[in-house]
Amino acid sequence: MRAFPQTWEQEALWIADRFLGDPSPFLETWAQRILGPLDVPALERALAAVVARHAVLRSGFDLGDDGPEQRVDPVGTVPLERLPWPGGELHPTLRRAGQRPLDLTRSPARFTLYDRAPDEHVLLLQIHHVAVDDASLVLLDQELSALYTEETGGPPAGLEPPALLLGEHAVRARAAGVAPADLAFWADFLAGATPLAQLPPRPRPLAARRGSGCDTVRTTVPAPLGDAVRAAARALRTTPHVLMSTCTAVTAAALNGEDVVIGTPVSRRGEPDLDGVFGCLTDLLPVRHRVPADATFAAVCAAAKRGSLEVLRHRNVPYARLGGGVGRTRGVLSGAHLSRICLVLDQSPSRLELPGLRCERVHVGGAAAKFDWLQYVVADGDGWDVRADYALDFFTADEAALVLRQWLTALAVAADDPEVPVRDLFDRLAETA
C-alpha cells in the first residue's frame, strides 16, 4: 500500500461524510442502458483495465497518523456484480441501488451489471465523490469505449498511462499552499453576503433544517430556445452558463432582494499532467450576484460575468477554507449560503460507444440532498436536458416543477430581450403557473 494525503477537495468531502448518515449525499452514479448482444466477459476485462489504470479506484480513505489519507492498493479491484433486474421502473430502481452505502476504507466504487431483458443490460457505477468528478466520467466513457472495443477484437485502445497519481497531486498542491492574495479576494468578495431566507417559487414557511430526502424534477430547453439563448449570450459577449446562472439568480432575487449567492462548480485540472487523472479535482465555489430591480437583465448579466471571471482567477482556494480561513463568519458554508442553490452546465457531454451496441446514459439523481436545489443543464443537440435534485424538506413535487417553469420563463424573456428590466422579469415570474 502507498499512502498519500487526500487532496483539499477530498478531505472536505471525507470529513463532511463522517458526520452524515446513510445514504451519503456524496454518492454519485453513472448508469448506462446497453441494448444489443453485450459480451459480458469482455466488459469485465475492460472495466478491470480501467481500474488498473486509475489508482483512486483502488484506494481506501481513512485517518492516518498525519491526517486524512488515501491508501493505494497496487493490485486492488472493483468487482463487477451481475444481478437480475429487481423489477420496477428504471430511474427509481437505479436510485435505490445508488443509495447503498460504500465502505470508503476499502473502495470508493461499485460496479453492477443488471440483466434487464434479452439483449438489454444496465451498467451502474456507484462511486463516492472523493474519487470522481465530471471530467472523470468523460474519461470513463472514452477509456471504457476503447478498451471494450479492443477486448472484442477491435483495434488496440492505445491509451497512455496517467501522468501522475492523484495522491502525488495532493502532495504537490499541499506543498504549494494557498496564496494570500486569493484568500484576500474571497474575504472581500463574500463580505456581508446575505443568506437566502426564501427559496423559489414563492414565499412560504421553510423547515429549519434540511434532511437527506430528495427527489428529481426534469424538463428541457427546446432547440428554438437553445438557439435564442446562444444568440443572446453572443450579443452580451458572455457564455450560456453565465446567462443561465443569472436567470437562476433572478428567480432567487425575486423573493430575497438583490444580493444572491449561487454555487457553481469549478475545475482545478489546469495542469496538462492532470488531464488523464481520474478523481475529484472539482470544487464548488460561490458566485455573488447583484440583482437590483431597477437594472436591466443585460446589466445584471454583465456584472455576473465579471464576478464569474474573478472567481475563476481565484479558484485555487479550497471550498472548506471559505469558512475557516477567510472570514470570521462560517455562515458562508452553511445551509443559509452555499448549500441552497447551485447550477451545473455541461456543454459537451460524452457518450459511451461500444461496437455493435446502443448505449443510453441514465441520469439517476442524487442519493440524498446535497443542496437545497441542485440543477443540471446538459447539452442535447441544439437544446438542453434539465434536471434538478431538490430537498424534500423545502419543495413539494409541484413546487419543484414550478421552479423550473419560472427559470424557463426568465430564460425565454431574457433571450428574447436582454434589455428587459429586472422588475418586469419579477412580474413575469409571479405570473408563471
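The values are calculated or read from the model by the stated rules, or taken from the named source; none is laboratory data. For clarity, every value in this text was computed on a predicted model and none was experimentally measured. Reconstructed Cβ throughout: ideal geometry from the backbone, glycine too, with neighbour counts over all protein chains shown. Just so you know, the surface numbers come from the protein's heavy atoms only, side chains and all, with ligands and any DNA or RNA stripped out. Shrake-Rupley method; radii C 1.70, N 1.55, O 1.52, S 1.80 Å.
What the table below lists for this structure:
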read-out: Residue check for residue 119: touching a Gly at 6+ places or on another chain (Cβ under 9 Å), under 17 Å from residue 352 (Cβ atoms) and open to solvent by 60 Å² or more (accessible area, probe 1.4 Å); value: yes
read-out: Residues satisfying the stated conditions in the range 42-67, i.e. under 20 Å from residue 6 (Cβ atoms) and crowded, with 19+ Cβ neighbours inside 10 Å; value: 51, 54, 55, 56, 57, 58, 59, 61
read-out: Test: residue in the range 279-292 that is among the β-branched types (Val, Ile, Thr) and either at pLDDT 95 or above or assigned to a helix (DSSP H, G or I) (or both); value: yes
read-out: Qualifying residue in the range 286-300 (condition: among the hydroxyl-bearing types (Ser, Thr, Tyr) and in contact with an Asp or Glu (Cβ under 7 Å, 6 or more places away or on another chain)); value: yes
read-out: Qualifying residue in the range 129-138 (condition: part of a strand (DSSP E or B), out of contact with any strand residue (DSSP E or B) (no Cβ under 7 Å at 6 or more places or on another chain) and surrounded by fewer than 20 Cβ atoms within 10 Å (Cβ to Cβ)); value: no
read-out: Complete set of residues in the range 224-275 that are under 28 Å from residue 137 (Cα atoms), small (Gly, Ala, Ser) and surrounded by 18 or more Cβ atoms within 10 Å (Cβ to Cβ); value: 226, 233, 245, 263
read-out: Among (1) closer than 20 Å to residue 361 by Cβ; (2) surrounded by fewer than 17 Cβ atoms within 10 Å (Cβ to Cβ); (3) under 24 Å from the mean Cα position of the chain (by Cα); (4) not hydrophobic (A, V, I, L, M, F, W, C), the one test that residue 36 misses; value: (3)
read-out: In the range 375-433, the residues that are touching a helix residue (DSSP H, G or I) at 6+ places or on another chain (Cβ under 7 Å), outside any helix (DSSP H, G or I) and acidic (Asp, Glu); value: 382, 419
read-out: Residues satisfying the stated conditions in the range 294-310, i.e. open to solvent by 30 Å² or more (accessible area, probe 1.4 Å) and part of a loop (DSSP other than H, G, I, E, B); value: 294
read-out: Residues that are in contact (Cβ under 8 Å) with a residue 40 or more places away in the chain and either closer than 19 Å to residue 139 by Cα or open to solvent by 10 Å² or more (accessible area, probe 1.4 Å) (or both), drawn from the range 374-389; value: 380, 381, 382, 385, 387, 389
read-out: Total residues in the range 1-17, condition out of contact with any Gly (no Cβ under 9 Å at 6 or more places or on another chain), open to solvent by 40 Å² or more (accessible area, probe 1.4 Å) and over 15 Å from residue 105 (Cβ atoms); value: 1
read-out: Test: residue 366 is over 16 Å from residue 245 (Cα atoms) and touching a Leu at 6+ places or on another chain (Cβ under 8 Å); value: yes
read-out: Qualifying residue in the range 391-399 (condition: under 18 Å from residue 370 (Cα atoms) and free of Cβ contacts under 8 Å to residues at least 24 places away in the same chain); value: yes
read-out: Residues being assigned to a strand (DSSP E or B) and among the charged types (D, E, K, R) - total across the range 337-374; value: 4
read-out: Complete set of residues in the range 225-236 that are touching a residue at least 60 places away in the same chain (Cβ under 8 Å) and more than 18 Å from residue 248 (Cβ to Cβ); value: 227, 231, 235
read-out: Residue under evaluation residue 181, criteria (1) surrounded by 14 or more Cβ atoms within 10 Å (Cβ to Cβ); (2) more than 17 Å from residue 46 (Cα to Cα), criterion not met; value: (1)
read-out: From 110, 96, residue being open to solvent by 10 Å² or more (accessible area, probe 1.4 Å) and either acidic (Asp, Glu) or assigned to a strand (DSSP E or B) (or both); value: 110
read-out: Filter result for the condition that a residue is open to solvent by less than 30 Å² (accessible area, probe 1.4 Å), touching a strand residue (DSSP E or B) at 6+ places or on another chain (Cβ under 8 Å) and without any contact (Cβ under 8 Å) to a residue 40 or more places away in the chain, over 72, 78; value: 78
read-out: Among the candidates 151, 143, residue that is farther than 30 Å from residue 284 by Cβ and either crowded, with 21+ Cβ neighbours inside 10 Å or among the acidic types (Asp, Glu) (or both); value: 151
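The rows are residues; the columns are (1) under 30 Å from residue 368 (Cα atoms); (2) loosely packed, with under 12 Cβ neighbours inside 10 Å.
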residue	(1), (2)
165	yes, no
176	no, yes
187	no, no
190	yes, no
199	yes, no
205	yes, yes
